[in-house]
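Just below is one structure, and these are the notes that go with it.
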Amino acid sequence: QKEVEQNSGPLSVPEGAIASLNCTYSDRGSQSFFWYRQYSGKSPELIMFIYSNGDKEDGRFTAQLNKASQYVSLLIRDSQPSDSATYLCAVNGGGSTLGRLYFGRGTQLTVWP
Amino acid sequence: DTGVSQNPRHKITKRGQNVTFRCDPISEHNRLYWYRQTLGQGPEFLTYFQNEAQLEKSRLLSDRFSAERPKGSFSTLEIQRTEQGDSAMYLCCGDRARTDTQYFGPGTRLTVL
């Protein structure tokens, strides 16, 4: 059973702060890692993907991957109230299940003004 | 806008009825996936197609569920003899061959009374 675990939250930060979201995964064969943002009642929206160990930055978002520790994180700098959403970590299956994604339950983030 | 459309957006049905959902990806999406998401959970994989071939089905996809992708374009997901436990958001997403980035459509929310 391939598992993806996220800190359940909810996470609450003030506007302008850094929000840190964490995720661990069980399958060492996983090659691709994704963060999706999901507003209430909407479908998930891809915001970041990362394939290699280290950091990947895109605007206010930084994804960090450590395959040895089977850990991936998302940092949101200068958090805005519009960042309030559920953030889903997703990992590809690797091996024979390459292609399908395994999702965590999500971390609910609230950014208060 | 990911270019993936789904219809209908909402469906309310009575237990025991059959329902069919449609997904239209963009033409570049060789691979098409169906996921199901219930409240408080991340999306769960149901099935995926590469062009018109259905390459993988989850154990979640009981014999009441069937999916097709004729001619490798749009896809349909049919649920026969619906049960209350089928109430969920049904999500379709596409990605291009040799990329792992999956883009979701808006989803179809099914309510079984």
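The values are calculated or read from the model by the stated rules, or taken from the named source; none is laboratory data. What you see is a predicted model; the values in this text were computed from it and never measured. So basically every Cβ, Gly included, is an ideal-geometry build from the backbone, and we count neighbours across all protein chains shown.
Tabulated values for the structure
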{"read-out": "Residues located in region A:1-23, provided they are within 14 Å of chain B (Cβ to nearest Cβ) and over 10 Å from the mean Cα position of the chain (by Cα)", "value": "A:1, A:2, A:3, A:4, A:5, A:7, A:8, A:9, A:10"}
{"read-out": "Set A:91, A:111, A:4: member being under 14 Å from residue B:41 (Cα atoms), in contact with a Ser or Thr (Cβ under 8 Å, 6 or more places away or on another chain), among the aliphatic types (A, V, I, L, M) and buried (at least 19 other Cβ atoms within 10 Å of the Cβ)", "value": "A:4"}
{"read-out": "Region A:86-113, residues that are modelled with pLDDT of 95 or more and either of a type in the set (S, T, N, Q) or at positive phi (or both)", "value": "A:86, A:106, A:107, A:108, A:110"}
{"read-out": "Qualifying positions in region A:1-16 - assigned to a loop (DSSP other than H, G, I, E, B) and either at pLDDT below 95 or of a type in the set (Ser, Thr, Tyr) (or both)", "value": "A:1, A:2, A:3, A:7, A:8, A:9, A:10"}
{"read-out": "Identity of the residue in region B:22-50, within 13 Å of chain A (Cβ to nearest Cβ) and of a type in the set (A, V, I, L, M, F, W, C), that ends up farthest from residue B:87 (Cα to Cα)", "value": "B:49"}
{"read-out": "One residue from A:49, A:61, A:33 being within 9 Å of chain B (Cβ to nearest Cβ) and not hydroxyl-bearing (Ser, Thr, Tyr)", "value": "A:49"}
{"read-out": "Residues being farther than 16 Å from residue B:16 by Cα and surrounded by fewer than 18 Cβ atoms within 10 Å (Cβ to Cβ) - total across region B:62-91", "value": "7"}
{"read-out": "Selected residue [more than 10 Å from every other protein chain (Cβ to nearest Cβ), in contact with a Leu (Cβ under 8 Å, 6 or more places away or on another chain) and within 27 Å of residue A:49 (Cα to Cα)] from B:67, B:88, B:53", "value": "B:88"}
